[in-house]
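The values are calculated or read from the model by the stated rules, or taken from the named source; none is laboratory data. What you are looking at is a predicted structure, and each value in this text was computed from that prediction instead of being measured. Heads up, the Cβs are rebuilt from the backbone with ideal geometry, glycines too, and the neighbour counts pull from every protein chain shown. These accessible areas exclude ligands, DNA and RNA; they are computed on the full protein's heavy atoms, side chains included. Shrake-Rupley method; radii C 1.70, N 1.55, O 1.52, S 1.80 Å.
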Amino acid sequence: MWAAYAVSTFGTRLAFAVPCLGGLLGSRLSRRLVARHGQRRVLLVAGTLRACWSVGLAFVGPGTAGLVLVMAVEFGLITCSAVFTPVLATRRLEGTPPDRVTRSLTAWSITSRTVTAAMTALWGVLAMLTGPRAAIALAGVLLLATPLLLPWRERRRAPRPGAPAPGAPRPDLPR
């Protein structure tokens, strides 16, 4: 009995530790990837890749194979999200006037938390009605459509009045 508990505890810790490493790896890579490939390309690739992983959770089975699949899916998802999120945050903040940054960050935080709570409740009800595997599969399939919301066409933004020229040092930042 002690051995089964030890293996179970180790497996649970491993299932959380491996995806966490993906988050650290992704956040460390994001700056280098943007420097090498550009902000827009990293947003498109990482944003598309992060949508592809969730479908795999519908195929999780019992035992070691299921544990390995969960770790692999979560590692990939969290790594891609950790690359995407800071790049998206940077892009949003670059387009926000300096006098509205605090409001924008507050609205972004509130909206994100509210939508997360609402979707969790909605998918909990859906899982209760259809079963967990079907709800997870449906969520994964719907997430595959989210790359369509990414900025595939490059729009030329008109500079804000009084904004510095692109590439010019910002006067409000220390040098």
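Brief remarks follow.
- Rounded to the nearest 0.05, the FRET efficiency derived from the C-beta distance between Ala72 and Leu138 at R0 = 22 Å is 0.55.
- Potential extension, Val115-Ala35 segment - 0.36 nm per residue separation minus Cα distance: 25.6 nm
- Rounded to the nearest 20, the Cβ-based charge dipole of the stretch 33-121 about its Cα centre (Lys and Arg +1, Asp and Glu -1) stands at 300 debye.
- For the stretch 35-52 versus the stretch 98-123, the inter-centroid distance based on Cα atoms is 22 Å.
- Glu154 accessible area, 1.4 Å probe, all protein chains in place, Å² to nearest 10: 120
- Given a 1.4 Å probe and the protein chains as shown, Phe10 ends up with an accessible area of around 130 Å².
- Label point distance in nm, Ser27-Glu94, each placed 7 Å from Cα along Cα→Cβ: 2.2
- Sites Ala145 and Thr9, calculated FRET efficiency, Cβ-Cβ separation with R0 45 Å, nearest 0.05: 0.75
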